[in-house]
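So the structure is just underneath, and the comments pick up after that.
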Amino acid sequence: MIVGIVGCGAIANIITGYVLEEDSNIQLRFFYDRDLEKAENLASMADGIAVLKVEDMLDKVDLIIEAASPEAVAEIVPDILKAGKDVLIMSVGALMDKGLRSKIEDLATKNNANVYIPSGAIVGLDGIKAASIGEITSVKLVTRKPPRSLGISTDEKKLLYKGNASEAVKKFPLNINVAATLSIACDMDVEVEIIVDPKVDRNVHEITVKGDFGELKTITENVRCSLNPKTSVLAAYSAIKLLKSLSENFKVGT
Ligand SMILES: NC(=O)C1=CN([C@@H]2O[C@H](COP(=O)(O)OP(=O)(O)OC[C@H]3O[C@@H](n4cnc5c(N)ncnc54)[C@H](O)[C@@H]3O)[C@@H](O)[C@H]2O)C=CC1
Ligand SMILES: O=C([O-])CC(=O)C(=O)O
């Protein structure tokens, strides 16, 4: 599978490092970033090509990984799908915009292309997807991050946000994509709390789901990326695992 990356930051670096070290079906060839130097750095590491615009890789790839920003989703994903290519989206918060999401869904269907959304920095999506076959009655996400991850400076633990996912992604666009992933999996605008906590040094996501299946609770205490403390290492790992699973004939989990 020939793959291009849009956004050559923390997640792209982990994916590239993995592909260089491990045998997989992923052939990372093209790199794009609005900061050309970042694209060039990763391209030279991977012996790939830094392109000046996404169109320059469109006809040469099977799949593009978006690991840039919510704006990049609106800017580039429609063109990727129009070219009939698959896309893996990390900046999932962009899809809380109902108009953009339905445009992306329609383009994927029309052009026979796939949109992949990895589980990212949370765990439990397997069970939640299974639970969605029955009735899900409530979903809550509590995210706790250290001040540096949230880009603020404080000595006190504080509730920064309480509300639904669609507002949360507007207020914290680079910190709470997981709320969007959860919302899409449950088909609900889930309840979200964001807490800044100087006592934690991990990005912690706690999910509680209730439904006719019973109740589940997951807690993920994520190690942060060295290049970007907002982002958890598990998010990059989930993208790699999803890409690898595309060529597997033996699948486990929902
Ligand atoms: N789904 C999930 O669970 C998670 C999603 N994320 C999201 O994934 C994305 C990537 O995360 P990181 O690698 O940590 O970010 P990063 O900030 O380390 O790297 C992003 C790169 O994308 C580039 N970029 C931003 N907007 C662009 C645009 N419109 N066009 C071209 N390049 C652009 C930046 O110059 C930067 O080099 C972010 O949107 C982040 O919020 C992060 C963590 C978890
Ligand atoms: O990586 C994380 O812990 C979560 C995150 O930043 C996001 O969902 O945007």
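Some points to look at:
- By other beta-carbon atoms within 10 Å, ranking 123, 178, 169 with the fewest at the front produces 123, 169, 178.
- Calculated SAXS-style log₁₀ I(q)/I(0) at q = 0.12, 0.16, 0.18, 0.20 Å⁻¹ - the stretch 125-228, Debye, Cα scatterers: -0.40, -0.68, -0.84, -0.99
- Alpha carbon centroid spacing (whole Å) that separates the stretch 1-52 from the stretch 62-100: 17
- Dipole magnitude for the stretch 125-228: about 440 debye, using +1 per Lys or Arg Cβ and -1 per Asp or Glu Cβ, origin at the Cα centre.
- Pairs of Cα atoms nearer than 8 Å and 6+ residues apart set the relative contact order; for the chain it is 20 percent.
- Exposure proxy for 31, 172: other Cβ atoms within 10 Å of each Cβ, ordered fewest to most, give 172, 31.
- Pairs from 140/244; 60/230; 129/251; 129/244; 140/230; 140/170 whose Cα-Cα separation, in the structure shown, is over 25 Å: 140/244; 60/230
- Debye log10 I(q)/I(0) at q = 0.17 Å⁻¹ for the stretch 1-110, Cα point scatterers: -0.74
- Using Cβ point charges alone (K and R +1, D and E -1), the dipole size of the chain about the Cα centre works out to roughly 540 debye.
- Net charge dipole size for the stretch 81-155 [Lys, Arg +1 and Asp, Glu -1 on Cβ; Debye, nearest 20]: 180
- With Cα atoms, 0 to 90° folded angle of helix 10-21 axis to the chain main axis: 60
- 10 Å Cβ shell holding at most 10 others, DSSP loop, GluC sites (Glu not before Pro): longest site-free stretch of the chain: 23-134
- In the chain, the convex hull through the Cα atoms has an average projected area of 13.4 nm², a quarter of its surface area.
- With at most 11 other Cβ atoms within 10 Å, longest stretch of the chain clear of loop trypsin sites (Lys or Arg not before Pro) (DSSP): 54-198
- Unit charges at the beta carbon, dipole of the stretch 70-186: most positive-side option, 77, 165, 130: 165
- Between 0 and 90 degrees, the angle of helix 70-82 with respect to the longest Cα principal axis of the chain falls at about 50 degrees.
- Charge context of residue 3, other residues only, Cβ under 11 angstrom, K/R +1, D/E -1: +1
- Principal-axis tilt of helix 36-46 within the chain, Cα atoms, nearest 10 degrees: 80
- Sum of side-chain charges, residue 111 neighbourhood, beta-carbon under 9 Å (Lys, Arg +1; Asp, Glu -1): +3
- Between the stretch 221-246 and the stretch 153-220, the C-alpha centres lie 17 angstrom from each other.
- Relative contact order computed over the stretch 125-228 (Cα-Cα under 8 Å; 6+ residues apart), in percent: 40
Read the figures in this text as sums done on the coordinates, not as results from a lab. In this text the structure is predicted, and so the values were computed from the model without any measurement. In this analysis, Cβ positions are derived from the backbone assuming ideal geometry, glycine residues included, and neighbour counts consider all displayed protein chains.
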